[in-house]
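Chemist: Could you have a look at this structure, given as structure tokens, before my questions?
The values are calculated or read from the model by the stated rules, or taken from the named source; none is laboratory data. Since the structure is predicted, the reported quantities are computational estimates derived from the model, not experimental observations. In this analysis, Cβ positions are derived from the backbone assuming ideal geometry, glycine residues included, and neighbour counts consider all displayed protein chains.
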Amino acid sequence: MKSLFRIFDIIGARLIYPFLFVFLSVQSLLNGLKARSHSPRIHWEENHEDQPIALVALYQKGTPRPDTLNLLRSLKKAGVYTIAVNTLKLDPVDALREYCDCYIEKFNFGRDFGSYKLGFDHFFSRKLDQNCPRLMIINDSVFCASDRIDQFVEDMINTDAEVLGSTENYEIIHHLGSFCISFSQSVLQHPKFREFWRKYRNSDVRPRVIHEGEQKLSKTLRRCASAPAKFRTLYGTNTFLNRLRDEDDLLDVAIKNARNSPLTGWKRFSAQKVVDELRAKYILRVTDMPERASFRLDDAFVRNRVAVGDFAGILEMAKADLREGETLNEDYVRRMVISHLTESYMSGSQIHQNASTLLTMGLPIIKLDGLYRGMFTIEDMQLIVRQLPEADGRALQTILLERPYGGDALRGWRRAAFMRGLI
């Protein structure tokens, strides 16, 4: 019965999509008209002294979040000139004065790309591209872990890559996650890069921002890079695959910390699938299992081994199917496990798909909509939280739990819009 209701739910959401898109587009248009009567306000601006720049898009009211302060402190420590664009109001307004060099408040329209656009309009109007060796964009849709952020800032700023993203996204088309990218001066001065920001039109409609903003920005950046090798990702699939081959510990971590949430269609790593493939390609099929075999995959003992899974557990589970005297090529099994992990790693949005594993690898940022979008379960959240310093873990858990899964929490047209990715 639940499956039937889910089918009707999906059909209903698809049928109502055009009406919801028009409704939200009209709302966005009205909000855009309202924004015209609210000019951005520059509260302070220090002189730029030819250092790297960070453009930070904020959506924060009253007191800044502690993890945002961690990010701003790290930027200051690294000698970065910081431009913060906030769509809400701080109280007091100079709460960030010691952390950033330029602070602008704007009307809340255009989502994160609206803040980026205003920031780049300011950047180009001040001719900062002439003396800025590198610029990083980052927004506060991510939580910044205090024990990893310093190294991350150094990695994003001190690189020979002309374009360096933090992670990739394989949903719809391959592109960089726009929550954190850094650009060299050659990109900042490229006519196509300036043209992108000049032509970009703000919108509150999520699919438009993703398509016209995030995805087209990546396309533009590829054109601006002087060679494919100059367009890179700090924690992309290539990095993950190379490290899996070299680091036994990371292999076990990736198995144990694989995403649990079943609420998206993205691939999830499964030890069961690995062993099933081994049966089909290499070892004794379960239908031919002799009675003298010590245990089978559906035995509770094996299921428990998978629950705490690591490579040794998968190997033992596979060996259980062998006849007496047969051996198993462990290198082959390892390659298969690495292949399955990598295929899962590059499914959908990497930062959502692999949040816990990425923390182990060194990425200090966690997307704050993970629970809301159904990318995390409570179990996934706990895997993430327990890797963080205690204060960070408590703060992140509080923020995530304030936004439960939208498919359960929302009702009416908002739920239908959420299920189709409109909000």
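Chemist: Read through the list (1) hydrophobic (A, V, I, L, M, F, W, C); (2) more than 20 Å from ILE210 (Cα to Cα); (3) surrounded by fewer than 22 Cβ atoms within 10 Å (Cβ to Cβ), then give the number of the only condition that MET346 fails.
Modeler: (2)
Chemist: Would you be able to say whether some residue in segment 118-128 is surrounded by 22 or more Cβ atoms within 10 Å (Cβ to Cβ), among the basic types (Lys, Arg) and modelled with pLDDT of 95 or more?
Modeler: Taking every residue of segment 118-128 in turn, none turns out to be surrounded by 22 or more Cβ atoms within 10 Å (Cβ to Cβ), among the basic types (Lys, Arg) and modelled with pLDDT of 95 or more.
Chemist: Out of VAL337, VAL308, report the one residue that is of a type in the set (Val, Ile, Thr) and either modelled with pLDDT under 95 or under 28 Å from GLU214 (Cβ atoms) (or both).
Modeler: Details: VAL337 fails: either modelled with pLDDT under 95 or under 28 Å from GLU214 (Cβ atoms) (or both).
Checking each option against the conditions leaves just VAL308.
Chemist: Under 8 Å between Cβ atoms, which residue pairs at least 6 apart in sequence (or on different chains) link something in segment 253-276 that is in contact (Cβ under 8 Å) with a residue 12 or more places away in the chain and within 17 Å of LEU241 (Cα to Cα) with a partner that is part of a loop (DSSP other than H, G, I, E, B) and aliphatic (A, V, I, L, M)?
Modeler: LYS256/VAL308; ARG268/ALA258; PHE269/ALA258
Chemist: Of everything in segment 143-168 that's touching a helix residue (DSSP H, G or I) at 6+ places or on another chain (Cβ under 8 Å) and among the β-branched types (Val, Ile, Thr), which residue is surrounded by the fewest Cβ atoms within 10 Å (Cβ to Cβ)?
Modeler: In this case the residue turns out to be ILE149.
Chemist: THR327 is checked against (1) buried (at least 19 other Cβ atoms within 10 Å of the Cβ); (2) without any contact (Cβ under 8 Å) to a residue 24 or more places away in the chain; (3) in a loop (DSSP other than H, G, I, E, B) and fails just one. What number does that condition carry?
Modeler: In the conditions (1) buried (at least 19 other Cβ atoms within 10 Å of the Cβ); (2) without any contact (Cβ under 8 Å) to a residue 24 or more places away in the chain; (3) in a loop (DSSP other than H, G, I, E, B), THR327 misses (1) alone.
Chemist: So, one more: Working only within segment 19-29, note down all residues that are modelled with pLDDT of 95 or more and either loosely packed, with under 12 Cβ neighbours inside 10 Å or closer than 27 Å to CYS102 by Cβ (or both). Show your work before the answer.
Modeler: Start the filter on segment 19-29 by keeping residues that are modelled with pLDDT of 95 or more, which leaves 24-29.
Answer for segment 19-29, where residues must be modelled with pLDDT of 95 or more and either loosely packed, with under 12 Cβ neighbours inside 10 Å or closer than 27 Å to CYS102 by Cβ (or both): just VAL26.
Chemist: Consider only pairs whose beta carbons are under 8 Å apart and that are at least six residues apart or on different chains; among these, list those whose first residue lies in segment 406-423 and is under 20 Å from SER25 (Cα atoms) and whose second residue is of a type in the set (Lys, Arg).
Modeler: From segment 406-423, the pairs are ARG420/ARG14; GLY421/ARG206; LEU422/ARG206; ILE423/ARG206; ILE423/ARG414.
Chemist: Find the helices (runs of 4 or more DSSP H) located wholly in segment 54-160 whose residues include 2 or more that are of a type in the set (Lys, Arg) and closer than 25 Å to VAL209 by Cβ, and list them. Please lay out each step first, then the result.
Modeler: Numbers: elements: 66-77, 111-125, 149-157.
The helices (runs of 4 or more DSSP H) meeting that bar are 111-125.
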